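Student: Handing you a structure now.
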Amino acid sequence: MGATEETLFRYSLQYTDMSFYETIVENQIDLISRFNAHNILTYVNPAFCKYAAAPKELLVGQSFMSMVLAEDRAVIDACLATLTSQKPSDTVQFRVSRHGKIFWQEWALTFIYDANGNFVEGIAVGRDITRRKSLELDLQASSQTLSSFFSLAPVMMGILNMQAQVLRINAQFERTLGYSLSELNAQAQAPLTLFAANDLAILTQIWESVTIDGETYTSEVQTTTKSGAQRLVRWRFSADVSEGLVFCIGEDITEERQLADAKVTDDAQFKAIVDNMPGCAVYTNLQFEITMVNKSFITSFGYSTAEIIGQQPDLLYASPEDYAGPSQKAQQLVKNPNAVFASDSLRCQSKNGDTFSAETRVRGVMDPNGILIGFLFFIIDESRIHEELQGLNRALEQRVTDRTEEMQAFVSKLTHDFRSPLRSIGNFAMFLEQDHGETIGAEGRSFITAIRNNAGYMDRLVKDLLEFSKVRYGAEYDFAHINLQPFIATIALRSDASNLGTVTLASNLPVIQADPSLLEQAITNLVDNAAKYVADHVEPKIHIDVVETERHWGIRVTDNGIGIAPENQRRIFTMFERVKGLNTRYEGTGIGLAIVKSVAEIHNGFVSLDSEVGVGSVFTLFIDKSL
């Protein structure tokens, strides 16, 4: 959306005439919507309908969060919570589910306020950024996985922006050239300082081309290390012009070129070069008899030097079809000795019969007179990298599991250690009042009452923290079929509401899939709150029913309580947040609704709130149908 269109769009929000509003936004390609204080959509444009694959009539009235993944809703809540009349706009990125697939969106969210600073409505202008986010996630989403991948990559890797600022380099880059990322960017005109002066012209030409057309360009240039040494590197440059990123992959071919340039006059020198080459190196004569292998080959394939000398290279491949490519390319070197041939991923086979994926490169070796005397096979084991990555991922997953268990044990011990002295404080205060109440006077008794009340509050707070940790950090959830009719009826009978007021339950409630203990805790919290937060001398009246949407069951708890002002409706689901201004008779720790929200998110759902001060509230706990 251009600046002029955006200005018109924002002005149009000041009008109540929907036709004027729609005239401006109906033909926009961005996804445009309006929503009320409860995140319920009041308008969507055709682009939004097309993206959601649903008609406007179905979308309007649904939650703004309906397509958003449960684990990302907190991000939007946090963004919305920061918007005020002084700072009415912000941008947020999150994931949505469409047609069983996950997509990324970026939304500009704006709150509209009236002249008195009261919230009127919200607007959202969004677009799909899945392609861009996919790239960002590959690089940034998991620093552990990314670092592991970069560390294991056998080539140098770097990412730059269009201004030639280096954004990221991998471990192989640092090992080969000796520079860290900060050291590179600290240099003037980095990364040009890496290259010899006589190569700058061709590199400048490549840079200008790649940043325009995004094609891949390759050049072999002398590259200077931090210590001042020169390494011959084959650099490949490509770009995603739309995202403003340039990618470079560098392969150190110094030893390879030394081997190619050197004429085999000294077997010891030749063997030293082969031994120091990365990956597995196999040298054969013109009859394809293996005469030399390096240390990496012995480690990867399991053959001793005595076992492999004199054998044919086909022994190293899982099938004749796998060996056919390298064999044919070696034969072509007879006509073109200076060529280098690379194969796609092939299946190699070790001595013990294990197979693994590998890339094979073949080049010729000449004597001092330039006569072809043999072939050098470079075999790069790909499976080892994948196995190590999988091992790292398994270790990372186990570490998360271990940390979760540690967290649960820590919280359990902490709550026990806290609650014991708190109960002692409360008990001793009670004993003091019973035995010495008359002696210490009215003021002293008021102090004792304050001690007991605060100790009781802390005890409830610690207990609620324990419950929250069990919900939030539970290692496993037990989803089962639940008949809501008897399930909710039992909860209502056991709740505080049964003693304080009236609870009615709709008939013919459905059977849903959920974790029974978590669902019981969430519904209990909602019902108890409904019974607690009522005006003086008002009998709580609570009604529970179920609504159904395309994706969710919604367990709805309606009350006649004091209600919640719009400015408080988002933050009350945050840990320790309570509505300001409540008098002391409304006891609470500010954790109950955070538990409800967590339970909803565990069930791929969310919580909605419709409330009016002095009238009452409607809390709806949405549970995904597909669990």
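Rundown of residues vs (1) more than 21 Å from Asp77 (Cα to Cα); (2) exposed (fewer than 15 other Cβ atoms within 10 Å of the Cβ); (3) at pLDDT below 65, yes/no style:
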| residue | (1), (2), (3) |
| --- | --- |
| Ile112 | no, no, no |
| Gly122 | no, no, no |
| Arg131 | yes, yes, no |
| Leu137 | yes, yes, yes |
| Ser142 | yes, yes, yes |
| Thr145 | yes, yes, yes |
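Student: Scanning segment 508-530 for residues that are within 32 Å of the chain's Cα centre (by Cα) and of a type in the set (D, E, K, R), which turns out least open to solvent (accessible area, probe 1.4 Å)?
Tutor: Asp515
Student: Looking only at segment 88-110, how many residues end up being open to solvent by less than 60 Å² (accessible area, probe 1.4 Å) and under 20 Å from the mean Cα position of the chain (by Cα)?
Tutor: Final tally of qualifying residues: 11.
Student: Does Lys87 fit the bill of being farther than 20 Å from Asn39 by Cα and either at pLDDT below 80 or in a loop (DSSP other than H, G, I, E, B) (or both)?
Tutor: no
Student: If Glu567 passes every condition in (1) buried (at least 18 other Cβ atoms within 10 Å of the Cβ); (2) assigned to a helix (DSSP H, G or I) but one, which one does it miss?
Tutor: Here Glu567 meets the rest and fails (1).
Student: Right, here's the next one. Residues that are of a type in the set (Val, Ile, Thr): find the helices (runs of 4 or more DSSP H) completely inside segment 168-220 holding 1 or more of those.
Tutor: Helices (runs of 4 or more DSSP H) meeting the threshold: 171-177, 200-213.
Student: Oh, and also: Quick check on segment 92-113. Is at least one of its residues part of a loop (DSSP other than H, G, I, E, B) and either hydroxyl-bearing (Ser, Thr, Tyr) or more than 19 Å from Asp624 (Cα to Cα) (or both)? So that I can check it myself, show each step before the final result.
Tutor: First, the residues of segment 92-113 that are part of a loop (DSSP other than H, G, I, E, B): 99-100.
Still in the list and also either hydroxyl-bearing (Ser, Thr, Tyr) or more than 19 Å from Asp624 (Cα to Cα) (or both): none.
No, segment 92-113 contains no residue that is part of a loop (DSSP other than H, G, I, E, B) and either hydroxyl-bearing (Ser, Thr, Tyr) or more than 19 Å from Asp624 (Cα to Cα) (or both).
Student: If I ask for residues that are at pLDDT 85 or above and surrounded by fewer than 17 Cβ atoms within 10 Å (Cβ to Cβ), which ones from segment 28-37 would you list?
Tutor: Selection gives Asn36 alone.
Student: Mind checking which residues of segment 38-68 are under 18 Å from Phe622 (Cβ atoms) and either open to solvent by 30 Å² or more (accessible area, probe 1.4 Å) or in contact with a helix residue (DSSP H, G or I) (Cβ under 7 Å, 6 or more places away or on another chain) (or both)?
Tutor: His38, Ile40, Leu41, Ala52, Leu58, Leu59, Val60, Gly61, Gln62, Met65, Met67, Val68, listed by residue number.
Student: Condition first: part of a helix (DSSP H, G or I) and buried (at least 16 other Cβ atoms within 10 Å of the Cβ). Can you find one or more residues in segment 531-542 that meet it?
Tutor: Scanning segment 531-542 turns up at least one residue that is part of a helix (DSSP H, G or I) and buried (at least 16 other Cβ atoms within 10 Å of the Cβ).
For every residue, the table says whether it meets (1) at pLDDT 90 or above; (2) open to solvent by 60 Å² or more (accessible area, probe 1.4 Å); (3) within 41 Å of the chain's Cα centre (by Cα).
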{"residue": "Thr254", "(1), (2), (3)": "no, no, yes"}
{"residue": "Leu259", "(1), (2), (3)": "no, no, no"}
{"residue": "Ala272", "(1), (2), (3)": "no, no, no"}
{"residue": "Asn285", "(1), (2), (3)": "no, no, no"}
{"residue": "Lys295", "(1), (2), (3)": "no, yes, yes"}
{"residue": "Gln328", "(1), (2), (3)": "no, yes, no"}
{"residue": "Asn336", "(1), (2), (3)": "no, yes, no"}
{"residue": "Ser343", "(1), (2), (3)": "no, no, yes"}
{"residue": "Asn352", "(1), (2), (3)": "yes, yes, yes"}
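The values are calculated or read from the model by the stated rules, or taken from the named source; none is laboratory data. In this text, all values refer to a predicted model and were calculated from it rather than measured experimentally. Every residue, glycine among them, receives a Cβ derived from its backbone with ideal geometry; neighbour counts consider all protein chains shown. Remember, those area values only see protein heavy atoms, side chains included, never the ligands or the DNA or RNA. Shrake-Rupley method; radii C 1.70, N 1.55, O 1.52, S 1.80 Å.
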